[in-house]
Amino acid sequence: MKLAIERAETSTQPVTQTPNSVLTYRRFAFDGGNRFIKWVSPDHQPRCIPSYIKPLEDWEDALPDSDTVIIESNGIRYVVGQVAQELKGKPTYQHSKANLAQKLFLAALEPTEDRTHILIDTLVVTTPDTRDHQAVKRLTALQGLHQFKRNDVEIAAKINRVEVVDECLSAWRYAWNQGLFNYHRKNAVLDLGGGTALARVILPNGLIDRAADVKLPGTFDLANKIAAALKARSEYSPDLGLIMDAIATGTFTIGPRQSFAGLFERCRQDWLADIQATLRETWVKQAAEIGEVLIVGGSAALATALAETSNGRFKIPEQPSPQLISLYGLLED
């Protein structure tokens, strides 16, 4: 397997087939988010599965499905995705994404029916801050050869180079290149994620104004507020992951009967008010210089009120979806 990969030539197309039947990528994007991990499949479709991981004992059963991947690497078997969540696995939002990246990333190395050798010229990944050298070091360690089993299929994958991009920047890059901003000046991105939210002001040349960075509470904090209120009504602490899932699906219900719809609206208003207040305070000196604020991330839909009351200054992209725009931005040179 290793020799086939080392002989393959790097393609200039996103996905091609070489004479050695190696699945080859010029750029491969992996967005290892706190709530979901995302990549683009060999048939050019976005893939998105829950960002949970669960080691499996010899006696434990698990089956792959459209939202679940089973990995066996270095003698360790583990499951990533929906089944990992159902088996009470480790949620990424409670841990370091960079520390879990190598295990989560293997789930994205998806073969085709006739190609199980994968060659990636440049793997592009995100991190909250590229100035965190330890996190960048852990991510660049993805470079090299990976031999493992994915859903019981032997995979050999080689990564020639790893490019680490600041969160928010890839969404800005896609929006800028595709003309989604109406103003060719300083614009900003508000990325509402599960573990944290992050807001950044970015100059027209793609430079991040570091002094304007704002770290904000994500939907994990919103779920915590709801859980605290629910706990006062019951004898147990509700699972935060289930609360966030119920928010994402719009059911606002845990189990068959426990609804938190009323609590949610009040807590969401408080959460958004805190975000607005923090942004206003941090950006007060340069507010007049900022053209638009693009709201992205899996929780962007929770901020529709912010977009609707801002006279177009805050905006949520329609195509691609706010959850996928950062993924597609990673594929932009």
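Suppose we keep just the DSSP beta bridges with both residues in the chain; what percent of those would be antiparallel, to 5?
Numbers: 44 of 68 bridges.
Rounded to the nearest five, the antiparallel share is 65 percent.
Report, in debye and to the nearest 20, how large the dipole of the chain comes out about its Cα centre when Lys and Arg carry +1 and Asp and Glu carry -1 on their Cβ.
Details: 37 positive and 40 negative charges, 151 e Å.
Its charge dipole is roughly 720 debye.
Would you work out which of Ile243, Thr219, Phe260 lies farthest towards the positive end of the dipole of the chain? Charges go on Cβ: Lys and Arg +1, Asp and Glu -1.
The residue sitting most towards the positive pole is Thr219.
With bins 5 Å wide starting at 0, give me the P(r) of segment 92-166 over every alpha carbon pair, in whole percents.
3, 15, 26, 23, 16, 10, 5, 1, 0
For segment 209-253, which trypsin sites (Lys or Arg not before Pro) pass both filters: DSSP loop (anything but H, G, I, E, B) and at most 12 other C-beta atoms within 10 Å? The partial results should precede the final answer.
Working: sites: Arg210, Lys215, Lys225, Lys231, Arg233; in loops: Arg233.
In loop regions of segment 209-253 (DSSP not H, G, I, E or B), the sparsely surrounded trypsin sites (Lys or Arg not before Pro) are Arg233.
Tell me the Kirkwood radius of the chain: reciprocal of the mean inverse pair distance over distinct alpha-carbon atoms, in Å. Intermediate results must be reported in sequence, preceding the final value.
Numbers: mean 1/r = 0.0477 Å⁻¹.
This gives a value of 20.9 Å.
Between Ser21 and Ser73, what length in nm is gained on full extension when 0.36 nm per residue of separation is reduced by their alpha carbon distance?
Numbers: separation 52, 0.36 × 52 = 18.72 nm, distance 2.29 nm.
In short, 16.4 nm is gained.
With the crude spin-label approximation of a point 7 Å out along Cα→Cβ, what separation in nm comes out for Gln94 versus Thr253?
Those two pseudo-labels are separated by 2.6 nm.
Would you mind computing, in nm to one decimal, how far apart the modelled labels at Arg313 and Thr112 are, each placed 7 Å from Cα along Cα→Cβ?
4.9 nm
Which peptide among 108-121, 22-35 comes first, and what is the full order, when sorted by highest mean count of other Cβ atoms within 10 Å? The partial results should precede the final answer.
On the way: 108-121: 18.6, 22-35: 23.3.
Descending packing order for the listed peptides: 22-35, 108-121.
Roughly how many debye, to the nearest 20, is the charge dipole of segment 216-333 about its Cα centre, given +1 on each Lys and Arg Cβ, -1 on each Asp and Glu Cβ, and no other charges? Before the final figure, lay out the partial values.
Working: 10 positive and 14 negative charges, 94 e Å.
Rounded to the nearest 20 debye, it is 460 debye.
Would you mind calculating the gained length between Gln178 and Ala229 on full extension (0.36 nm times residue separation, minus the Cα-Cα distance), in nm to one decimal? Numbers along the way, then the final one.
Details: separation 51, 0.36 × 51 = 18.36 nm, distance 4.30 nm.
Taking 0.36 nm per residue and subtracting the Cα distance, the gain is 14.1 nm.
Within 10 Å, count the other beta carbons around each residue, average over each peptide in 45-58, 188-201, and list them highest first. Working shown, then result.
Details: 45-58: 17.6, 188-201: 24.2.
Most protected by this proxy first, the peptides run 188-201, 45-58.
Need one number: nm distance between label points at Glu265 and Glu57, each 7 Å from Cα along Cα→Cβ, rounded to one decimal.
Inter-label distance under the simple model: 4.6 nm.
Considering only protein heavy atoms and a 1.4 Å probe, what is the carbon-and-sulfur percentage of the accessible area of the chain?
Working: 7510 of 15720 Å².
Answer for the chain: carbon and sulfur cover 48 percent of the accessible area.
Quote the convex hull volume per residue of segment 232-314, based on C-alpha atoms, as a whole number of Å³. The partial results should precede the final answer.
Details: hull volume 9.4 nm³, N = 83.
Here the figure is 114 Å³ per residue.
Measuring with a 1.4 Å probe in the full set of protein chains, what accessible area per residue, in whole Å², belongs to the chain?
Value returned for the chain: 47 Å² of accessible area per residue.
The values are calculated or read from the model by the stated rules, or taken from the named source; none is laboratory data. Small disclaimer: the values here were computed from a predicted structure and weren't measured. FYI the Cβ positions are ideal-geometry reconstructions off the backbone, even for glycines, and counts take in every protein chain you see. Please note that ligands, DNA and RNA were not included when accessible areas were found on the heavy atoms of the full protein model with its side chains. Shrake-Rupley method; radii C 1.70, N 1.55, O 1.52, S 1.80 Å.
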